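Every read-out reported here was derived from the displayed coordinates using simple, explicitly stated rules and does not represent laboratory data. Keep in mind the model is a prediction, meaning the values are calculated, not measured. A quick note on method: Cβ atoms are made from the backbone with ideal geometry, for glycine too, and the neighbour counts reach across all protein chains shown.
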Amino acid sequence: MIDVQPGLKQDHPCFGCAVREISLCGVLDNDELLEYRRTGSTVSLESGKPLFFEGDPADAVFTITTGALRLSKLLADGRRQIAGFLFPGDFLGLTVEDVHLFTAEAVVPSELCRFSRPRFERFLDEHPHMGRRLFAVAAHELAAARLQVVLLGRKTATEKVVSFLLWLASRCRKHGYLADDVELPMTRTDIADYLGLRIETVSRELSGLRARHMIKLTGMHSLQLLNKPALQALAEG
């Protein structure tokens, strides 16, 4: 959906990348991008396969180029809490700890650029403008984490589901989809584990929104928002 970044020669390793403009490396010029890409490699994941597990050494960082990932944590009582979903252009893997605090798994077949953490940190030292971009990304993730606390702690089931759909719509617009089209690569179980709801509740809420002509299913993993002002009002309670 995103236009391929112009200006790269066909022999450049990043030629054809659809997410350069919105990813961390979007601040690099073509020569810097070539230098950066030479320090990395490509990782391909089948649907359901892990990129890393909670507790694994945090020795690499990643940028998603295609697909989608979920971040999850196993609670003490055995339940799974999904902490978030990541999409093309998103960056993950950098942590102040020596190990990963979450498990990252592919929701659908996915590809990522992988960089060893020491090489990545050296590159940041040599290219401070990329470090500033990383700071902005980290600040955005912190704001998103705070919003999720509100989402899980204060909103009703309807408000949670509608807020999630509106958030997905904003992500889809970022990737060139029409304003009211929403891609749902994750399962309803994933959505339930993210919102702290039962899967039956998620299904009931989606069916209720359909019955009220606020959304329309357009495929197995897609839907359309039919009345965004009403949905925004619902999300705000």
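Under a Cβ-only charge scheme (Lys and Arg +1, Asp and Glu -1), can you give me the dipole magnitude of the chain about the Cα centre, in debye to the nearest 20?
Charge dipole, the chain, about its Cα centre: 880 debye, nearest 20.
Over the chain, with a Gaussian network built from C-alpha contacts below 10 Å, which listed residue (Ala60, Ala169, Ala139) shows the highest mean-square fluctuation?
For the chain, modelled as a Gaussian network with Cα springs under 10 Å, the answer is Ala139.
List the aspartates and glutamates whose Cα sits under 20 Å from the Cα of Lys228, skipping any in the same chain fewer than 8 residues away.
The reachable aspartates and glutamates, counting only those whose Cα sits under 20 Å from Lys228, are Glu159, Asp180, Asp181, Glu183, Glu205, Glu236.
Of Arg212, Arg114, Arg20, which is the most mobile in a GNM of the chain whose springs link Cα atoms less than 10 angstrom apart?
Comparing Arg212, Arg114, Arg20 in the GNM, the peak value goes to Arg212.
Would you list the P(r) distribution for the chain, with all Cα-Cα distances sorted into 5 Å bins from 0 and each bin expressed as a whole %?
Bin by bin from 0 Å, the calculated values are 1, 6, 12, 17, 19, 16, 12, 9, 5, 2, 0, 0.
Mean Kyte-Doolittle of at least -0.5 and a Cα length of 30 Å or more along the axis: which whole DSSP H helices of the chain meet both?
Membrane-span-like by this criterion, though nothing is claimed about a membrane: 128-154.
Given only helices, namely DSSP H runs of n ≥ 4 each adding -39500 (n - 2.57), what is the per-residue ellipticity at 222 nm of the chain, to the nearest 500 deg cm²/dmol?
One gets -12500 deg cm²/dmol as the mean residue ellipticity at 222 nm.
For the chain, with a Gaussian network of springs between Cα atoms less than 10 Å apart, report the residue from Ser110, Ser72, Ser222 with the top mean-square fluctuation.
Comparing Ser110, Ser72, Ser222 in the GNM, the peak value goes to Ser222.
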